[in-house]
């Protein structure tokens, strides 16, 4: 078996060109996704590559292009990441941009300590900074183009595209107060994250703007999980004066709030109004269409890749600091409280 492996011929680009009956440069252009190859020749080369099971040398490809066209996506790991609307939207946005720009994507789930192979990519998109600040700093130290999304970074000279989470939390709470609610509770995301902490600050800010007193009984520190949302609602409904409205810091938690409230025989929004944050499409098709705050995760991820692509090609300056304002999406889960 070992002798057979050692005698097996390594397929070269010359072999592909010979089988496809085109020049080596044409094969190279197809491999490197140049748009100047005719469709006929592209198909012949692709058939030859498949028939010979040819694996192009990645380093050679990048050398031929004169730049590294791979983008790294680094996401802090957490339970259920591949069932998360947040992660899926970020991956979808980065993947869409890479496909459009004919770039490669390298995906890295980080715990904050596992090393990133910076030599394999031309730039990195960091999906938030959660216990992996040193990784961002290391990329900046070696001059690798990078950008952070879903985090407005004030204490590092790094590119970012973020969301005004405090304003989102304030606007969500303000909407409930404007409907006449005075007993408004909140279930926070993890306050260790910028989004969780700032949405809570926005909630508090709305009370201050309306000169309303704020009860600590109406604040439950969650972690963006459905489990924490269920625990929160169980606690709220046992209060002497239960809330008439709840602001959940994510749609995932808001959907669990709806489930628990309905299990208790209460009605939404007649008994309790609920508002979420994300604008997850699944929130439209539940028992009650969820009122929520929209944050453009797909757009942020897509724009981040296009920015890095321009930097890598030398067409854009390495400087971008942008903050989106979340938008209120009104559906059926909120109403004025019972008189």
The one condition residue 204 fails out of (1) within 25 Å of residue 80 (Cβ to Cβ); (2) under 31 Å from the mean Cα position of the chain (by Cα) is (1)
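Working only within region 108-135, note down all residues that are in a helix (DSSP H, G or I) and either touching a helix residue (DSSP H, G or I) at 6+ places or on another chain (Cβ under 7 Å) or crowded, with 20+ Cβ neighbours inside 10 Å (or both). Even if it seems obvious, please write down each step before you answer.
Quick first cut of region 108-135, residues in a helix (DSSP H, G or I) only: 118-120, 133-135.
The answer is 118, 135.
Within region 311-331, does at least one residue satisfy the condition of being crowded, with 23+ Cβ neighbours inside 10 Å, closer than 22 Å to residue 215 by Cβ, at pLDDT 95 or above and in contact with a strand residue (DSSP E or B) (Cβ under 9 Å, 6 or more places away or on another chain)? Break it down into steps so the answer makes sense when it comes.
Just the residues of region 311-331 that are crowded, with 23+ Cβ neighbours inside 10 Å, to begin with: 326.
Cutting the leftovers down to closer than 22 Å to residue 215 by Cβ gives us none.
The answer is no; no qualifying residue exists.
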Taking only region 130-150 into account, find how many residues are over 11 Å from the mean Cα position of the chain (by Cα) and touching a residue at least 40 places away in the same chain (Cβ under 8 Å).
7
Pick from region 157-198, criterion out of contact with any strand residue (DSSP E or B) (no Cβ under 8 Å at 6 or more places or on another chain) and over 16 Å from residue 250 (Cβ atoms), ranking: surrounded by the most Cβ atoms within 10 Å (Cβ to Cβ):
170
For residue 298, state whether it is touching a strand residue (DSSP E or B) at 6+ places or on another chain (Cβ under 7 Å) and either assigned by TED's automatic domain parsing to the domain that holds residue 195 or touching a residue at least 24 places away in the same chain (Cβ under 8 Å) (or both).
no
Within region 11-39, tally of residues that are over 37 Å from the mean Cα position of the chain (by Cα), assigned to a loop (DSSP other than H, G, I, E, B), surrounded by 16 or more Cβ atoms within 10 Å (Cβ to Cβ) and at pLDDT 85 or above
1
When the residues of region 267-287 are narrowed to those that are farther than 29 Å from residue 298 by Cα and either in contact with a strand residue (DSSP E or B) (Cβ under 8 Å, 6 or more places away or on another chain) or free of Cβ contacts under 8 Å to residues at least 12 places away in the same chain (or both), which ends up surrounded by the most Cβ atoms within 10 Å (Cβ to Cβ)?
272
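The values are calculated or read from the model by the stated rules, or taken from the named source; none is laboratory data. Keep in mind that what you see is a predicted model, and the values were worked out from it rather than measured. Glycine gets a Cβ as well: all are built from the backbone with ideal geometry, and neighbour counts include every protein chain shown.
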